[in-house]
1. From Cα pairs below 8 angstrom and at least 6 apart in sequence, can you work out the relative contact order of the chain, rounded to a whole percent?
2. Please give the length that would be gained between R260 and K2 if that part of the chain were fully extended, namely 0.36 nm times their separation in residues minus their C-alpha to C-alpha distance (nm, one decimal).
3. Defining a contact as two alpha carbons under 8 Å apart and six or more residues distant in sequence, what relative contact order in percent does region 358-416 show?
4. Cα to Cα, under 17 Å, and not fewer than 8 places away if on the same chain: which aspartates and glutamates meet these conditions relative to K285?
5. Based on C-alpha coordinates, I'd like the Rg and Dmax of region 145-248, in Å.
6. Could you pull the Cα extents of region 187-321 along its three principal axes, largest to smallest, in whole Å?
7. Can you show me the helix-derived [θ] at 222 nm for the chain, built from DSSP H runs with n ≥ 4 at -39,500 (n - 2.57) apiece and divided by the number of residues, rounded to the nearest 500.
8. Mind checking which lysines have their C-alpha under 24 Å from K69, skipping anything on the same chain fewer than 8 residues away?
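The values are calculated or read from the model by the stated rules, or taken from the named source; none is laboratory data. As the structure is a computational prediction, the values presented were derived from the model and not from experiment. Note that we place each Cβ from the backbone using ideal geometry, even for glycine, and neighbour counts take in every protein chain shown. The area values use the complete protein model at the heavy-atom level, side chains included, leaving out ligands, DNA and RNA. Shrake-Rupley method; radii C 1.70, N 1.55, O 1.52, S 1.80 Å.
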Amino acid sequence: MKTVQFIDALTHDEGVERATRLFVEAYGEQPDGVWSAPGRVNLIGEHTDYNAGLCLPIALPHRTFIALKARNDTTARVVSDISPGKVTQADLDGLQAGGVDGWAAYPIGVAWALREAGFAQVQGFDAAFTSCVPLGSGLSSSAAMTCSTALALDDVYGLGYGASDAGRVTLINAAMASENDMAGASTGGLDQNASMRCTAGHALLLDCRPELTPLENVSQQPFDLDSLGLELLVVDTQAPHQLNDGQYAQRRATCEEAARILGVTSLRVSADGIVKAGDSFQALKETLDALPDETMKKRVRHVVTEIERVRSFVHAFAQHDIVAAGRLFNASHDSLASDYEVTVPELDVAVDVARRAGAYGARMTGGGFGGSIIALVDRGRSQEIAQQIADEFATRGFHAPRALAAVAADSARREG
């Protein structure tokens with residue numbers, strides 16, 4: 001059997017050097033600077049962000065680096081190390097939503113979104129990207145790209161929002177608008193908040209209720225696996241991962257329609273009401289009985305139970321109850337498979353193998369329909385368990401998976 005590939009993170013110096021070299025090769029001059037933003041992995045709380053719920057991401061040490069230089073016109077040019085000889089450009093003047101195709105929609109869309117938000121001082125730019133965040137893996141390579149771009153444009157055009165946690169919400173909104181409106185990939189904000197607001201050694205408890213201020217909707221929760229003798233194994237199944245094919249948007253629309261039928265502003269309101277009820281099981285049953293079809297019932301059951309699993313996981317981890325934390329991982333995946341129906345065979349097989357190999361718990365992470373799984377394992381066992389998953393994939397004819405060991409890293413930053 002082939003040895004499983006482990007993906008290492010680029011160091012600061014490696015990322016700066018590669019992005020700068022690509023920039024000079026593409027444009028023949030030095031950039032104004034280099035910035036970066038991390039990918040993320042969501043510990044628990046999937047498909048809850050757009051339901052005003054709770055989620056618990058960490059930033060990865062794996063980052064996207066952008067070398068960028070401001071222009072004195074409205075032309076935006078971008079190049080990536082995926083296709084280093086192909087520069088894509090667009091004119092920001094008169095640009096409309098959906099007006100840029102392919103991956104370039106993400107960074108160019110950030111400048112467009114900032115201009116749409118009233119920041120007329122944002123003009124064109126030249127940019128070069130290099131990244132070690134696996135593409136299509138459910139680890140939010142798109143948010144790493146849009147958030148690094150937002151931070152770079154904030155710096156070179158003197159907007160002044162990148163220096164504070166509260167200010168970064170403005171940049172997060174631009175990154176979200178780029179994905180939703182320019183690239184056409186629905187996103188609820190979890191990824192961008194994680195990329196912009198996580199801190200090293202912590203998970204970000206994100207409360208997505210819209211009435212909360214930026215200082216109220218996050219709290220930093222200690223997440224030090226090493227002190228507990230643990231590792232977080234991340235396995236990219238390399239199953240195709242697409243969020244712009246309508247499946248994500250369909251589930252989001254179903255949840256919004258369910259909230260309308262239930263007479264609440266979001267499913268978070270229903271989830272909180274169920275928790276506060278004297279008999280939560282009966283309250284959940286009554287909520288589901290009010291919905292018209294089985295598919296909608298299943299979608300809502302996942303959302304309201306997943307929100308509570310986030311609370312329970314935070315409590316279990318704070319108490320160092322790793323067995324309980326692992327059980328919550330398992331329950332989350334099982335709900336995503338049976339009720340939200342966003343897993344694929346590769347995700348389910350990887351989770352099953354990790355559990356049989358001794359993981360405390362394992363679950364898919366990200367939007368689903370491909371992507372990655374995470375497993376809570378004893379320190380030193382990541383390579384062994386990842387290899388068992390790779391061996392099982394080989395027997396089933398799946399693509400060979402890739403793996404990495406995650407630690408809680410820091411957020412988007414200027415590199416130099």
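1. On the way: 931 pairs, mean separation 101.7, N = 416.
Computed value for the chain: 24 percent relative contact order.
2. Working: separation 258, 0.36 × 258 = 92.88 nm, distance 5.10 nm.
Here the segment from R260 to K2 would lengthen by 87.8 nm.
3. 20 percent
4. Qualifying aspartates and glutamates at Cα under 17 Å: D272, D293, E294, E306, E308, D339.
5. Over region 145-248's Cα set, Rg and Dmax evaluate to 15.8, 45 Å.
6. Projected onto its principal axes, the Cα set of region 187-321 covers 47, 41, 30 Å.
7. It comes out at -13000 deg cm²/dmol, rounded to the nearest 500.
8. K86
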